[in-house]
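Written below as structure tokens is the structure these notes are about.
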Amino acid sequence: MSTLPAPAPTGIPGSALKGPYAVGEYAARLRDRLRAFTNVQLVGELVNLRLSRARVYFELRDAAGAIPCAMWRNDWEAMLVRAGAVTEGMEVVVAGGCDYYPGSATSSPGFSFAVSDLRVAGDGDLLARIERLRRQLHAEGLLERQRRLPRPLLPRTIGVVTSESGKARDDVLAALARRGWAGRVVWGFAPVQDRHAAPAIARALQDLAAVGGVEVAIVARGGGSLADLLCFCDETLCRTVALLGVPVIASVGHHTDRTVLDDVAAVSCSTPTHAAEAAVGIHCGQARAELAAAAARLSDHGRRAVLGRARTLATLSRAPAEHLARQRARLHQLLRETRAGARRRVHDERERTARRALVVQRKADAAARDCRERRPRELEQLALALAGHDPQRTLERGYVLAQSTAGEPIATAARAAQARELLLRFADGTLAARAGEQ
């Protein structure tokens, strides 16, 4: 049994247009027509640079429009050898023509400008405008306002502005969970890539600041090209962040990306994970464990201190009785020593007194014997000596003592003549006499 071919589809009734044509056929003809266009040179700013194993993709933009571009990886690397480093935001001149990939049943079609050569023309107006905005905000002092705001070490409520379906949301939650933080998260979902992103982010931040209790806010987004991150260089958004009363932590792009929002925010982090760690300054789990360990140590120290002081107080309560016992023993010892010393002193003094009494008695006996025996002889000898000098004895031998009437002895004749009246003392009496003239 033979298979009949499927009938050709019919077009739209009443339509004057040709067809219908098969999609693959039309796509192939469109590719051929676009490739037939004359090759030209374009000038614009290089943004949204992406590298794959075989191709390099980027966009050229200016104030009026944009066009996607593609270049073979080998041609790109050869161009880098000639022109040097190429970064997003640079103004470049590319040579090439239009190209179209028709796609297939499993892949999407795509238009691009096939670049065959590239030359760097300058830094580009986009980077210049960003740098002018950064200098203007610095001159107005808006780059320092957020850094002067106090940030709590352990906030109770954190506001997060990010895409509702982005990976940054999960990264922030995972980092907060690893920190052991159990506070409240207030979400401010907003687009983080397109021309509507900057106003939406600014409104979300203002709403978070108006919510009572939000102590710190995080603006989080994953990596991307300069064009993807351009909304975070919006002047209105940056001024809004600078004037907020809540500290803002910016986590936009990768390590090498630097937007104006990073300069305005209180803290700039490389990833949403780092932003969550910067918002919660301590590891809550470790802090709880350290606090529990410190409490246990404090309890142990307190218990030991109480027991030690109790023992000390018990010792001190026994101290007066022990001190009194020691003093009583000391006094008893002193009393015994005093009594023994007194007895020894009395005994010594008695012996000494007895010896002295014996000596005195012996001296008294010797003195008494001396008075009874030797003294009478001495008195007799003295009496004999005195008698030998007695004037009466001399008078008894026939001598006469001439005296004045006053009883004074007269030893010379001249004095006797002067005295005239004399007393002559004999052994048996006294006679008055007158001295005669010669």
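The values are calculated or read from the model by the stated rules, or taken from the named source; none is laboratory data. Bear in mind the structure is a predicted one, so any value in this text is a computation, not a measurement. Every residue, glycine as well, gets a Cβ built from its backbone with ideal geometry; the counts of neighbours run over all protein chains shown. Just the protein is used for accessible areas: all its heavy atoms, side chains included, with ligands, DNA and RNA removed. Shrake-Rupley method; radii C 1.70, N 1.55, O 1.52, S 1.80 Å.
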### Task
Please give the per residue accessible area of the chain, computed with a probe of 1.4 Å over protein heavy atoms only, in Å².
65
### Task
Report the longest stretch of the chain that contains none of the GluC sites (Glu not before Pro) sitting in a DSSP loop with at most 15 other Cβ atoms within 10 Å.
165-436
### Query
Once both axes come from the Cα atoms, what is the angle between helix 125-139 and the longest principal axis of the chain, in degrees from 0 to 90, rounded to 10?
30
### Query
Over the chain, what percent of the accessible surface lies on carbon and sulfur atoms, probe 1.4 Å?
56
### Query
What percent antiparallel are the DSSP beta bridges of segment 18-148, to the nearest 5?
95
### Task
Please compute the net charge surrounding GLU215, taking Lys and Arg as +1 and Asp and Glu as -1 over other residues with Cβ under 13 Å from its Cβ.
+3
### Task
Determine the dipole magnitude for the chain: charges of +1 sit on the beta-carbon of Lys and Arg, -1 on that of Asp and Glu, nothing else is charged, the reference point is the Cα centre, and the result goes in debye to the nearest 20.
3780
### Task
Kindly express, to the nearest 10 degrees and within the range 0 to 90, the angle between helix 375-388's C-alpha long axis and the longest C-alpha principal axis of the chain.
50
### Task
Grab the alpha carbons of segment 211-348, take their convex hull, and tell me the volume per residue in Å³.
241
### Task
Give me the angle, in degrees from 0 to 90, between the Cα long axis of helix 73-83 and the longest principal axis of the Cα atoms of the chain, rounded to the nearest 10.
60
### Message
What are the equivalent ellipsoid semi-axes of segment 324-438, built from the alpha-carbon gyration tensor (square roots of five times its eigenvalues), in whole angstrom, biggest first?
### Response
78, 21, 8
### Task
Convert each backbone phi in segment 179-196 into a coupling constant with the Karplus relation 6.51 cos²θ - 1.76 cosθ + 1.60 (shift: θ = phi - 60°), then list the ³J(HN,Hα) values in order as whole Hz, x for Gly and Pro.
6, x, 7, 10, x, 10, 10, 10, 8, x, 6, 7, x, 10, 7, 2, 6, 8
### Query
In angstroms, what radius of gyration and Dmax does segment 114-203 have, counting Cα atoms only?
19.0, 56
### Task
Mind checking the full-extension length gain between GLN327 and LEU17? Use 0.36 nm per residue of separation minus the Cα-Cα distance, one decimal, nm.
98.4 nm
### Query
Which of GLY429, ALA198, THR259 sits farthest toward the positive end of the charge dipole of the chain, with +1 on the Cβ of Lys and Arg and -1 on the Cβ of Asp and Glu?
GLY429
### Task
Scan the chain and report its longest stretch carrying no trypsin sites (Lys or Arg not before Pro) that are both in a DSSP loop and have at most 14 other Cβ atoms within 10 Å.
196-396
### Message
At 0.36 nm per residue, and after removing the present C-alpha to C-alpha distance, how many nm does the segment from HIS347 to ARG29 gain when stretched out fully?
### Response
99.3 nm
### Task
May I ask for the equivalent-ellipsoid semi-axes of the chain, computed as the square root of five times each C-alpha gyration tensor eigenvalue and listed largest first in whole Å?
151, 36, 21
### Query
Between PHE37 and ALA432, what is the label-to-label distance in nm when each label sits 7 Å out along the Cα-to-Cβ direction?
20.2
## Note on the structure
Counting only protein heavy atoms and leaving out ligands, DNA and RNA, the solvent-accessible surface of TYR26 at a 1.4 Å probe, in Å² to the nearest 10, equals 140
### Task
Evaluate the relative contact order of segment 130-252 (contact order divided by residue number), counting alpha-carbon pairs under 8 angstrom at least 6 apart; express in whole percent.
34
### Task
Could you grab the relative contact order for the chain? Cα pairs under 8 Å, six or more apart, rounded to a whole percent.
10
### Query
Given Cα pairs under 8 Å that are at least 6 residues apart, what percent is the relative contact order of segment 313-438?
13
### Task
Return the percentage of antiparallel bridges among DSSP beta bridges fully within the chain, rounded to the nearest 5 %.
65
